[in-house]
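Report on the structure given below.
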Amino acid sequence: MSSTIPLVTLPLRPSTLTALIRSGFSTTGDVMNSCRKDLTSAADANQAGDGNASKGDEHASSNATGTKDGNNSFGHFAEAIGCSSSQAADYAHEIDNALSSVGLPRLLTPNENDADIDGESGGTAYHGTGSHNNIMAPHSSIFPATAASILRSKASSHFPTSNDNHNHTAAVRQIISFSQSLDVLLGGGFALSELTEISGLPGVGKTQLAMQLCVDSRLPANYGGVEGHAVVIDAEGSWSCAAGGDRLWAMSTALVDHVKSSASRKLAARRKREGSVASISEDEINSLLPTWLTAESILEGIHIFRVHDEASQTCTLYNLPKFLLELEQKGTPAKIVVIDSLAFHYRVASSSSSIVNGSKKNNSLSTTHNLTRMAAFLIEIASEFDLAVVAMNHLTTRIEKDGNNSQGGTKLVPALGESWAHSVTSRLMIDHYRPFHTDTSSSTDTHMDEVRTCTLIKSPHKPTGTALFMITDKGIRGVPPQMLQPQSAKRARQH
């Protein structure tokens with residue numbers, strides 16, 4: 001190729017882009033240089049094989065034939081990436097298709113001077129190889145992965161320092177919410193490597209919960225956290241305004257206080273075991289904390305992208321792998337990506353219509369297609385970078401039909417349609433807590449206005465259910481049992 005193209009600008013899968021960049025391949029020129037070594041070796045072996053075959057050397061001929069196999073012509077490239085030859089061929093084929101899809105020359109362009117390399121005049125050859133040696137040619141067979149190999153792959157990529165195959169089961173795999181009821185419902189918290197949707201009415205607390213998750217993703221590992229960074233796609237402006245910054249600061253300060261309290265309890269338990277009655281100093285508490293743990297450093301680890309329309313949102317999301325790789329290379333990997341909200345710009349775009357041949361054409365079909373692709377992309381990002389992807393969604397009104405197929409009542413359901421609903425891994429619905437009886441004169445019932453219900457309505461590996469949490473000045477917290485006891489007593493008196 002006359003010029004090289006940065007790989008991050010091509011429409012490649014996140015897993016492909018990550019594997020290449022981690023191995024030192026940043027441009028198409030880097031890939032071509034590695035592949036050219038394989039092509040040169042293959043061409044030399046083919047010529048030697050043909051010469052030996054004419055002399056009756058069957059052994060050399062068989063070796064040459066083996067070299068001509070598409071998978072075997074990727075030795076250097078496969079070794080550089082650290083994968084099999086067939087996987088290296090898949091990567092090269094994907095890059096070639098990506099270049100073609102954006103109107104750029106392929107990695108291996110036809111070379112007319114080598115047209116007769118196969119002994120066929122007018123045949124098309126690629127950089128001195130026959131068409132049967134085209135490393136971009138699709139493979140004749142695709143082999144499935146076993147469940148055991150997938151588990152080993154995840155364990156080695158997510159826990160590279162572990163020598164014990166069973167150690168990964170004890171590692172933190174969820175981001176806690178600071179509401180025990182909600183964390184129990186989700187099996188320990190919001191799971192990594194999954195796409196989770198949170199839907200609800202405006203003002204119900206979706207953004208508040210997302211902010212708490214971003215702050216909690218910074219929680220140190222020895223205090224039950226994942227100790228990573230957070231990335232936010234802010235479509236509605238709730239994070240980028242001054243109020244959003246103030247709210248994040250309050251949650252971060254509360255997190256630091258929580259960790260200090262945990263350290264103090266650890267020291268107190270140690271003193272009790274030792275039989276010591278000495279008081280605990282501030283320096284002793286700080287000695288158990290990471291040196292970086294301050295409210296300001298927590299906020300430094302939350303990266304916010306403000307997007308103003310569907311185009312900028314889509315562009316930002318599809319370029320996330322590059323940014324996530326940069327964080328990973330700095331030793332500060334992201335552990336959560338929040339999109340608040342995914343529905344905002346898509347609903348504006350889908351409600352518009354364009355004039356085609358004098359008639360209006362709705363964009364809903366295009367939006368559905370884009371959303372399905374986006375869901376697959378986000379799931380792959382979650383899996384490849386071992387992080388939680390949390391997408392906020394709105395509610396919309398759906399008209400129900402009765403048994404006679406006539407119009408019935410209406411129902412509030414998450415927006416973006418059924419295709420998106422089937423694509424997400426887990427789906428949560430947040431709502432205001434509505435007790436059977438409310439006495440507005442009671443201070444307890446006044447605080448109940450801040451209580452929310454969170455219902456798990458879809459999950460492939462957890463039972464559905466409902467949990468309660470509170471929105472406090474410190475962030476998301478569990479509901480104290482004493483607040484629920486008066487409500488239970490009132491319901492008992494009613495019955």
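The values are calculated or read from the model by the stated rules, or taken from the named source; none is laboratory data. Owing to the predicted nature of the structure, the values given are computational and were not obtained by experimental measurement. Counting neighbours? That spans all protein chains shown, and the Cβs are built from the backbone with ideal geometry, glycine included. Calculation scope for accessible area: heavy atoms of the full protein, side chains included, ligands and nucleic acids excluded. Shrake-Rupley method; radii C 1.70, N 1.55, O 1.52, S 1.80 Å.
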Cβ pairs under 7 Å, 6+ apart or interchain, first in region 370-398 and surrounded by 21 or more Cβ atoms within 10 Å (Cβ to Cβ), second among the acidic types (Asp, Glu), ordered by first then second residue, are Ala382/Glu194; Ala388/Glu194; Ala391/Glu197; Met392/Asp340; Asn393/Glu197
Find the residue count for region 228-242, including only residues that are open to solvent by 30 Å² or more (accessible area, probe 1.4 Å) and either modelled with pLDDT of 95 or more or not in a helix (DSSP H, G or I) (or both). 4
Residue list for region 188-201, filter: in contact (Cβ under 8 Å) with a residue 60 or more places away in the chain and under 19 Å from Arg452 (Cα atoms): Phe190, Thr196, Glu197, Ile198, Ser199, Gly200, Leu201
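Every residue, every condition in (1) at pLDDT below 55; (2) of a type in the set (Ser, Thr, Tyr); (3) open to solvent by less than 60 Å² (accessible area, probe 1.4 Å), yes or no:
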site: Val8; (1), (2), (3): no, no, yes
site: Met32; (1), (2), (3): no, no, yes
site: Thr65; (1), (2), (3): yes, yes, no
site: Asn71; (1), (2), (3): yes, no, yes
site: His93; (1), (2), (3): no, no, yes
Name the single residue, out of those in region 76-91 being more than 23 Å from the chain's Cα centre (by Cα) and polar (S, T, N, Q), that is surrounded by the fewest Cβ atoms within 10 Å (Cβ to Cβ). Ser84
